[in-house]
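Working notes for the structure below.
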Amino acid sequence: MTAPLMANDLNQPTMKPAAPTGRRVSLPVLLLVIAGALALTSIVRIITGADGITNVSQMSTALQLAVPIGLAGLGGLWAERAGVVNIGLEGMMILGTWFGAWAGFQWGPWTGVLVGIVGGALGGLLHAIVTITFNVNHIVSGVALNILALGATRYLAPLAFEGHQGGSAKQSPPVDSLGHFTVPGLSDGLKSLNDQGWFFVSDIAGLLGGLVTDVSWLTLVAVALIPATWWVLWRTPFGLRLRSCGENPVAAESLGVNVYKYKYLAVIISGGLAGLGGVFLSIVANPFYLEGQTSGRGYIGLAAMIFGNWMPGGLAVGAGLFGYTDSLNLRGGSANVHALLLLGALLLLAGAIWLAVRRKYVKAVITVVVGALVFAWYAGTDEVPNQVVSATPYVITLVVLALSAQRLRMPKADGMPYRKGQGK
């Protein structure tokens, strides 16, 4: 448990739960790591001339692509903190895309947002019934939900969209925009600074410029949900009780917690958040529903959650990383990915030095060899195939999870079967 469970903690709403404990990276250290990575990226940009890897447009696109991944990961976080593995995030996102577009083109985009959340929550409710009430294996239930959601939307799309202007068997009519905003003055100033091409300063300007240029209002909602989730789960009695269900449900039940109720609430909220991610795809990223538009983002969201060690802040970093690599498909993909090979080689070299300092010599040697191979790939080619560009987000997902696997700590009872009264 990340905080000791006492009877008063669980039953008295006036008690303030303790923050999560354990070995964590402090904020100054995290900022220093980010600054170091950005400095290396700036060096690579200057050496390769690939200005697109840190310009405002690239960062703006990366933010837009990170949002649905982050929302899916946030949904997974809620469910798994309560002890329910949610492989069904992809299906819940699919339901969100369909319900959001279906309601959005008829009654307006904000109505579509609400209905899309409900659609995802219905998927969460179904997953909760199967896994919590009937104790079906969580993985089996999640995969079945993904297949069911895909089949249901494929069946419903022709019925709902054909006959309407712009609609077809695989696409909805267009949905009105939710609106975007750009911070006057600041956006233009950062873009101008980014265009100067200065070391580090221009790259920071590009990063910040992407956060204040042509941003959807729904993006603000999504970003606000990250700290809101942290506050609810780690600063309220409700959050403590919910997390206790994912750590030791028998002990939580012995202290008066209704474990079933909290698990149900967590999985339904999980579905609603994943549904909101689907809504973002069908109303903001594209102004219409399109069959297959989730493209596995539910699974990448789950990977971002694992990379973030089941914590909202780490999840946000993971979603940003995967969103950035995904954005390479849309803007100068081949040249930018080729430049990132050099960045990868430099990062591997830095990792090898760190491992050597910690006297992990075998791992350091392996890391150096891999880094040398990546550098040889960069030096021996002028561009990378388009297939590599398309696969980059998924490759990054696997690499990051492999490198971070040793420090991960999932909730102790995550995915474990539970029956009311089993501790008696």
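Its relative contact order, with pairs defined as Cα atoms under 8 Å and 6+ residues apart, puts the range 214-328 at 20 percent. Taking every C-alpha pair closer than 8 Å and separated by at least 6 residues, the mean separation divided by the residue count of the chain gives a relative contact order of 29 percent. Applying the criteria of a DSSP loop state and at most 15 other Cβ atoms within 10 Å to the trypsin sites (Lys or Arg not before Pro) of the range 291-391 yields Arg358, Arg359, Lys360.
Of the solvent-accessible surface of the range 274-424, computed with a 1.4 Å probe over protein heavy atoms with every protein chain present, carbon and sulfur atoms account for 68 percent. Assuming a ≥ b ≥ c are the square roots of the Cα gyration tensor eigenvalues, decide whether the chain counts as rounded (a/c under 1.5), prolate (otherwise, with a/b larger than b/c) or oblate. Oblate. The residues of the range 42-129 expose on average 26 square angstrom of accessible surface per residue, using a 1.4 Å probe on protein heavy atoms. For the range 326-424, just say rounded, prolate or oblate: build the C-alpha gyration tensor, square-root its eigenvalues into a ≥ b ≥ c, call rounded for a/c under 1.5, and beyond that prolate if a/b exceeds b/c, oblate if not. Oblate, because a/c is 1.5 or more while a/b does not exceed b/c.
Its Cα centre serving as origin, the range 267-369 has a Cβ charge dipole (Lys and Arg +1, Asp and Glu -1) of approximately 540 debye. If you run the Gaussian network model on the chain, springs between alpha carbon atoms under 10 Å, then out of Met305, Met92, Met59 the most flexible one is Met59.
Anisotropy class assigned to the range 265-351 is oblate, per the alpha carbon gyration tensor with a/c at or over the 1.5 cut-off and a/b no larger than b/c. Between the beta carbons of Glu162 and Arg359, assuming R0 = 51 Å, the FRET efficiency works out to 0.20 to the nearest 0.05. Using the rule -39500 (n - 2.57) for each DSSP H run of four or more residues, divided by the residues of the chain, the 222 nm mean residue ellipticity is -22500 deg cm²/dmol.
Distance from the alpha carbon centroid of the range 63-125 to that of the range 289-315 works out to 11 angstrom. Accessible area of Tyr264 (1.4 Å probe, protein heavy atoms only, ligands and nucleic acids ignored): about 50 Å². Of the residues Gly239, Gly298, Gly380, which exhibits the maximal mean-square fluctuation in a Gaussian network model of the chain defined by a 10 Å Cα contact cut-off? Judging by the Gaussian network model, the answer is Gly380.
Solvent-accessible area per residue for the range 350-396 at a 1.4 Å probe radius, Å²? It amounts to 71 Å² per residue over the range 350-396.
The charge dipole of the chain, taken about its Cα centre with unit charges on the Cβ of Lys, Arg, Asp and Glu (plus for the first two, minus for the last two), comes to roughly 1740 debye. Considering only Gln171, Val56, Val33, and ranking their Cα positions along the charge dipole of the chain that arises from unit charges at the beta-carbon of Lys, Arg, Asp and Glu, the one farthest toward the positive end is Val33.
For the range 106-166, the carbon plus sulfur part of the accessible surface works out to 73%, probe radius 1.4 Å.
Computed over the range 279-398, relative contact order equals 26 percent, with contacts defined as Cα pairs under 8 Å that lie 6+ residues apart.
Cross-link reach is defined here as a Cα-Cα straight distance under 29 Å, omitting same-chain residues fewer than 8 places apart; for Lys420 the lysines meeting it are Lys16, Lys261, Lys263, Lys412. Considering only Leu347, Leu302, Leu89, the mean-square fluctuation computed in a Gaussian network model of the chain, springs between alpha carbons under 10 angstrom, is largest for Leu347. Computed as a quarter of the hull surface, the mean projected area of the alpha carbon convex hull for the range 102-252 stands at 14.4 nm². The calculated FRET efficiency for the pair Trp107 and Val183, based on their C-beta separation and a Förster distance of 35 Å, comes to about 0.70.
The values are calculated or read from the model by the stated rules, or taken from the named source; none is laboratory data. Bear in mind the structure is a predicted one, so any value in this text is a computation, not a measurement. Please note: Cβ atoms are built from the backbone with ideal geometry, for glycine as well, and neighbour counts cover all protein chains shown. We work out accessible area using only protein heavy atoms, side chains counted, and drop any ligands, DNA or RNA first. Shrake-Rupley method; radii C 1.70, N 1.55, O 1.52, S 1.80 Å.
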